[in-house]
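The values are calculated or read from the model by the stated rules, or taken from the named source; none is laboratory data. All values derive from a computational prediction rather than experimental measurement. Cβ sites come from the backbone with ideal geometry, for glycine too, and all protein chains shown count toward neighbours.
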Amino acid sequence: MNFEKQKQSNTFPLKPNQKDKTMNFEKLTSILKNNIRQYAMALTLVLIMILFQILTNGVLFSPINITHLIQQNSYVLILAVGMLLIILTGNVDLSVGSTAAFIGAVGAIFMIKMNISVPIAILLCLIIGALVGAWQGYWIAYVKIPSFIVTLAGMLVFRGLTMVILKGQTLAPFEKSFQFIASGFLPESIKIGNLNFIAILVGILLSLLFIFLEFSNIKNKKKYNFETLPLGFTITKIIIIIIGINLLTYNLAAYKGIPVVLVLIISLIVIYTFITQKTIAGRHIYAVGGNEKAARLSGIKTHRVLFWVYVNMGVLAALAGLVVAGRLNAATPKAGTNFELDAIASCFIGGASSTGGIGKIIGAIIGALVMGVLNNGMSIMGVGIDWQQTIKGLVLLAAVAFDVYTKSKTNGE
Amino acid sequence: MSNYILEMNHITKTFGSLKALDDVNLKIKAGEIHALVGENGAGKSTLMNILSGVYPHGSYTGEILFKEKECRFKDIRDSEKLGIVIIHQELALIPYLSIAENIFLGNERAKSGIIDWDETRLKAKELLGTVGLTEDPTTLISNLGVGKQQLIEISKALSKDVKLLILDEPTAALNDEDSDKLLNLILELKEKGVTSILISHKLNEVSKVADQITILRDGKTISTLTKGVDEINEDIIIKGMVGRDMSDRFPPRKPKIGDLLFEVKDWTVYHPQNSDRKVINNIHFNLRKGEIIGFAGLMGAGRTELAMSLFGKSYGQNISGTAYINNKKVELNTVSQAIKHGLAYVTEDRKTYGLILIDTIKNNISITNLKKVSKNNIINEQKENLVIEKYREKFNIKSSSILHQAGQLSGGNQQKVVLSKWIFAEPDILILDEPTRGIDVGAKYEMYTIINQLANEGKGIIFISSEMVELLGICDRIYVVNEGEIAGELLRSEATQENIMKCIMNHSRGEQHNEF
């Protein structure tokens, strides 16, 4: 009833001619309130980084550790991207860790036992990953068995098959060219002093790209009279992000340059951000998660959406499995244990809703980085696995509790 | 001594900077039925939430006197202790518990924590008798229709020894027959000394049963009318509610009826779970360009089932029959096929089937036809923004921008979004299922205007409604549906409430064809 009126009056658009300072402030707080989760998580990530930078006496941001941080966490970042799409539809996938191990094992058989060339072996592995996803997607989308159960079964099945294929043994080593994906670097050609030129250049280009995107976004919003942040705020945001990007590339430049896997991850982020935000397929995924019945009655083939989201997850799990195998330079029966939990936690820390329909790729990435920095920072400090787990668990709970709390606040309950 | 059972004096309640209630006074005489009417957002529910303790004492100003004693309720329990029971619009029954368990939920017949099932059932049976139900108290709630569930809610209230019963839109989801039963029950309870407050949008009911009517508008009491003292008719009430004359509740329209557009023959549908049960039996109907046809009938007659089975077989199984559009036979096997052939179905349940409540107005509207604003499957957001903004302006959807969350809109505006979404799909045939349910008089008028415009553009409209007055006011032709069959077809000139009811009665008695 009257709540609605009140809400409307609070969020009603402010005419451009209302240049009053207090209005600007109100506008800012209302926008911050609406996006509190995104900003809060990004801020938390920065704070955690600064905290560990101090606690580890500067080791966290040392060039070698930054490179390790990226390579160590590459698998979570890859899985988090696929998992976000699944969580957007209101489902979950518990099998990704087992699938990753399974594909690692299959890849090892292809490359080490059967001597199939690396590119073909990789392609075959990705196809098998897609088939694994199709298998699960079939049961979930068409037979309508809850995803929790199907993927729990998948978790057992593919872990079991991994052990069957490897006969409980570890298979190693892989060819050099395969290891390159997980632990290689872009070739260094020119050096400026001690620094890798390509890394520095990439940093500058990314900064310019970001500035361009940010301003074209604002221009569009203004055109349709949508809420925009005050210019000062935008500029601060841009400066912080540019510092972040260039700090990262500078550090990478000071070590061995840009890791190959970082290129892979950034491409995935860009591609999937585009898919989720700009394409019909992406809109359909959000719609299915937001209200499946309404989506179906709007002409969306909801089964098909669900099926393909799982196929996609299968491919990304396969990719993660290959990266892990390449990094360890071995396929082991225990690989990928608990990966699914890290990926799911990343999405929820990054603001995805457990009932579906809400969440962003960049959020899941931030969530994965929060977990990664916590892991890495605590490892450097010599904190045992026992306490690391405890702390990660509490962070997950705190992030979601914060989400629930802010939502109930904005809903005026 | 005053004979008021309840006095609410100078009640003012604010949310933030907004005054929801502004010095409202409500006086209820013992043993009367008092109706509370007003548009959505006028403050009816807020007032009742204060009375029942949902908003505790201290969160508002003013005083509440119940039986001449001042009350300061901290929560609902406090008000229930005094016998003030509120029955909300959304029923609060648990579907997989029995009638008896639901009636005594939170008020169990128990000794030291152990439930006395014999007494529970016996008492439940008695209570069911008083509301005129013969169901076994062990029947599960999920097996009952909405009308009976409403009666169970009332017996639940009676089990608490109710003195003042508050009914919030009790007949919103009921058809005319069930509504009559419910209203008669309220009248019976009045004989037994129960005072009732009735909140309703259906003004014919209000003027029928209410002894006094209080009209609220924008958080203020406009007037209180007393039966027998003041002149009471729907026009006077509407004028009080909207603050202006609404001489005609239906916008005028000159029908421009064209060629045959849509024809359905031998349409038969079986129940989705029970393959032996025919829900729709051999239905024929047709629709012309620019025509508005109505489907009248009682709740459960099969109108929604018919519509949904036509719309991409979204309901039922073993569907047989043929559909023709522009004299060409068409297959309507999936929703996307139906949309492609120019069909659109505006659901009766906008929250469950119509809207993605957590998403924006923009995304809700464009979802039916994203191709229209994209190229190579990539959405052109600039184009999308422009087009959707036009819809927002054209249909007067009250919101901050097209990025406003659909769940935060009022019922009427939500309905406009659902309608926009289907107009965006550019259909030729629009099936509107209860498009005005739960929205206020002003929004209804706007809705009718839009429907008329669509018809004048040459689209065919199928209008399903449980409010006969509405069908009579809007439709060029009315099909009466009963028990999954067409019980009769009435032209505008011959359609009256009595004729529609006669059709239904005759059909139920087994006389297939009605001639007028």
* Asked: Which numbered condition trips up A:S354, out of (1) surrounded by fewer than 24 Cβ atoms within 10 Å (Cβ to Cβ); (2) closer than 17 Å to A:L43 by Cβ?
  -> (2)
* Looking at (1) surrounded by fewer than 17 Cβ atoms within 10 Å (Cβ to Cβ); (2) more than 26 Å from the chain's Cα centre (by Cα); (3) in a loop (DSSP other than H, G, I, E, B), can you tell me which one B:N281 breaks? -> (3)
* Asked: Within the stretch A:226-239, is even one residue surrounded by 12 or more Cβ atoms within 10 Å (Cβ to Cβ) and touching a Gly at 6+ places or on another chain (Cβ under 7 Å)?
  -> no
* Could we say that B:D359 is under 23 Å from the mean Cα position of the chain (by Cα), over 29 Å from B:I257 (Cβ atoms) and either more than 12 Å from every other protein chain (Cβ to nearest Cβ) or charged (D, E, K, R) (or both) here? -> no
* Asked: Does the stretch A:200-222 contain at least one residue that is assigned to a helix (DSSP H, G or I), without any contact (Cβ under 8 Å) to a residue 12 or more places away in the chain, touching a Phe, Trp or Tyr at 6+ places or on another chain (Cβ under 9 Å) and not basic (K, R)?
  -> yes
* All but one of (1) of a type outside the set (A, V, I, L, M, F, W, C); (2) at pLDDT 95 or above; (3) closer than 30 Å to A:L252 by Cα hold for A:H68, so report the exception by its number. => (2)
* To do: Test each condition in (1) within 9 Å of chain A (Cβ to nearest Cβ); (2) modelled with pLDDT of 90 or more for B:P427 and report the one that comes out false.
  => (1)
* Only one of B:G458, B:G442 that is surrounded by fewer than 22 Cβ atoms within 10 Å (Cβ to Cβ) and assigned to a helix (DSSP H, G or I) -> B:G442
* Asked: Can we say B:S275 is under 27 Å from the mean Cα position of the chain (by Cα) and of a type in the set (G, A, S)?
  -> no
* Residue among B:I50, B:I64 that is closer than 26 Å to B:T171 by Cα and not acidic (D, E) -> B:I50
* To do: Write out, first by first residue and then by second, each pair whose Cβ atoms fall under 6 Å of each other, whose residues are 6+ apart or on separate chains, and whose first residue, in the stretch B:153-165, is touching a residue at least 40 places away in the same chain (Cβ under 8 Å) and at positive phi while the second is surrounded by fewer than 24 Cβ atoms within 10 Å (Cβ to Cβ) and outside any helix (DSSP H, G or I).
  => B:D161/B:G83
* To do: Pick out the one residue from B:G297, B:G302, B:G354 that is facing another protein chain (nearest Cβ under 8 Å), buried (at least 22 other Cβ atoms within 10 Å of the Cβ), in contact (Cβ under 8 Å) with a residue 24 or more places away in the chain and not aromatic (F, W, Y).
  => B:G354
* Asked: Of the residues that sit in the stretch B:340-349 and are at the interface with another protein chain (Cβ under 9 Å from one of its Cβ atoms) and crowded, with 21+ Cβ neighbours inside 10 Å, which one is nearest to the chain's Cα centre (by Cα)?
  -> B:T347
* Structure fact -> Within the stretch B:43-80, restricting to residues that are assigned to a loop (DSSP other than H, G, I, E, B) and within 14 Å of chain A (Cβ to nearest Cβ), the one that is surrounded by the most Cβ atoms within 10 Å (Cβ to Cβ) is B:G43
* From the options B:I367, B:I388, residue that is at the interface with chain A (Cβ under 7 Å from one of its Cβ atoms) and either in a loop (DSSP other than H, G, I, E, B) or buried (at least 20 other Cβ atoms within 10 Å of the Cβ) (or both) -> B:I367
* Structure fact -> With the first residue restricted to the stretch A:255-283 and required to be more than 17 Å from A:L213 (Cβ to Cβ) and without any contact (Cβ under 8 Å) to a residue 40 or more places away in the chain, and the second required to be in a helix (DSSP H, G or I) and β-branched (V, I, T), Cβ contacts under 9 Å at 6 or more apart or on different chains are A:A281/A:I275; A:A281/A:V305; A:G282/A:I275; A:G282/A:T276; A:R283/A:T276; A:R283/B:I367
* Can you name the residue in the stretch B:372-385 that is assigned to a loop (DSSP other than H, G, I, E, B) and more than 8 Å from every other protein chain (Cβ to nearest Cβ) and, of all such residues, is farthest from B:Y445 (Cα to Cα)? -> B:N376
* Asked: Could you say which residue among B:E389, B:E489, B:E467 is outside the structural domain of B:G38 (by TED's automatic domain parsing) and closer than 26 Å to B:D168 by Cβ?
  -> B:E467
* Do any strands (runs of 3 or more DSSP E) entirely within the stretch B:298-356 hold 1 or more residues that are of a type outside the set (F, W, Y) and in contact with a helix residue (DSSP H, G or I) (Cβ under 7 Å, 6 or more places away or on another chain), and if so, which? -> B:317-325, B:343-346
* To do: Inspect all residues belonging to the stretch B:391-405 and state whether any of them is within 22 Å of B:Y448 (Cβ to Cβ), part of a helix (DSSP H, G or I) and of a type in the set (S, T, N, Q).
  => no
* Asked: What residue, of B:G407, B:G484, B:G460, B:G473, is among the small types (G, A, S), more than 14 Å from chain A (Cβ to nearest Cβ) and under 20 Å from the mean Cα position of the chain (by Cα)?
  -> B:G473
* To do: From the list B:K444, B:K394, pick out the single residue that is away from chain A (no Cβ under 14 Å), farther than 30 Å from A:N217 by Cβ and either touching a residue at least 40 places away in the same chain (Cβ under 8 Å) or not hydroxyl-bearing (S, T, Y) (or both).
  => B:K444
* If you go through the stretch B:22-36 one residue at a time, do you hit one that is assigned by TED's automatic domain parsing to the domain that holds B:G147, acidic (D, E), under 28 Å from B:E188 (Cβ atoms) and modelled with pLDDT of 90 or more? -> yes
* Structure fact -> Checking A:I285, A:I269, A:I344 in turn, the sole residue that is within 14 Å of chain B (Cβ to nearest Cβ) and aliphatic (A, V, I, L, M) turns out to be A:I285
